[in-house]
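Read-outs: derived from the displayed coordinates by stated rules, not from any lab. Computed from a predicted structure; not experimentally measured. Neighbour counts run over all protein chains shown; Cβ positions are idealised from the backbone, glycine included.
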Amino acid sequence: MELSSTELSFDVDEGREPVHVKTKLDLPMNWIVAEMMIFANSCAAQQIYKSFPYAALLRRHRPPKLDNFRLLLELCQARGFILDISNNKALAASLHHMRDSNDPIIESAFKALATRAMSEAEYISTGEVPESSAFYHYGLALEFYTHFTSPIRRYADIIVHRMLVVSCSNTTSDQGSKNKSDVSFEKFGHSLASYDDLKEVAEHLNQRHRASKRAQKQCSELYLLMYLQKHAEAQYALVLEILERGLVVFVPKYDLRGFVNLQARAIIVCSNGPENPIGACGIETKVSTFGAKICYTNRWMG
């Protein structure tokens with residue numbers, strides 16, 4: 001499934017102040033490498049599950065909740081798109097058809113909103129899940145998946161490497177055991193977590209992963225605000241909701257969603273024609289509403 005998320009990078013000066021912001025560009029080679037890594041991770045997951053069906057560390061991605069797509073469904077309907085969320089294949093096809101809109105801003109915004117609607121992937125111990133069908137990775141459409149390819153930066157990958165080494169070097173493991181209590185790692189040395197520990201390890205990995213993503217997001221937002229404070233610029237945004245006091249907008253370039261308070265501001269509403277000039281002391285914001293632009297200045301109304 002081809003989703004979208006914006007990764008920002010910043011150039012800083014000697015005082016660590018951001019002086020330039022840019023978005024990461026996806027090159028064709030990036031997709032090739034990603035495909036190979038996904039394939040390797042999936043193969044590793046199948047192997048360790050075969051050897052340790054009740055104590056393998058896998059990566060699961062649950063299907064998203066339908067309520068998470070409410071806003072995106074309304075926006076697609078307003079734009080004339082058909083968004084089928086009945087399953088991951090149908091959703092992927094719907095997102096792919098958005099390319100026909102010939103509007104890269106709309107396509108980027110809708111894919112980013114679809115990404116936000118997804119549930120969060122998580123590490124699991126296979127012994128805690130009754131059926132193998134519950135291991136399914138929704139986003140990648142894979143029955144088995146884990147993290148194997150980046151042991152230099154993820155502890156989960158180190159655990160999987162240890163399991164894979166034992167799996168490939170021992171042909172008489174407990175792979176056929178039907179009883180969770182029969183799964184024993186003592187004969188393989190101390191390189192593997194015990195069955196009792198693996199669930200706790202998976203929960204800890206999930207907590208640390210969420211904390212890391214949250215810190216990365218907050219750091220990126222902080223540096224972006226620091227940059228825009230001194231380098232204000234106009235960017236196109238998509239109006240998601242119109243409220244009494246203002247607008248909820250989404251800025252695809254920076255993957256930002258926020259509330260624009262239009263109270264106590266001088267408002268200029270214009271059509272798709274030439275932009276209305278504003279004074280040098282004003283801050284201009286262009287908001288695309290499928291055919292209109294709203295510009296406002298930062299001057300308080302007296």
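In table form, for the structure just shown:
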{"quantity": "Three-way shape label, segment 12-168, alpha-carbon gyration tensor, a/c 1.5", "calculated": "oblate"}
{"quantity": "Full-stretch length increase - VAL165, ALA211 - with 0.36 nm per residue and alpha-carbon distance subtracted", "calculated": "13.6 nm"}
{"quantity": "Length added when fully stretched, GLU35-GLU241, from 0.36 nm per residue minus Cα-Cα", "calculated": "70.5 nm"}
{"quantity": "Highest average packing first - 246-255, 106-115, Cβ atoms within 10 Å", "calculated": "106-115, 246-255"}
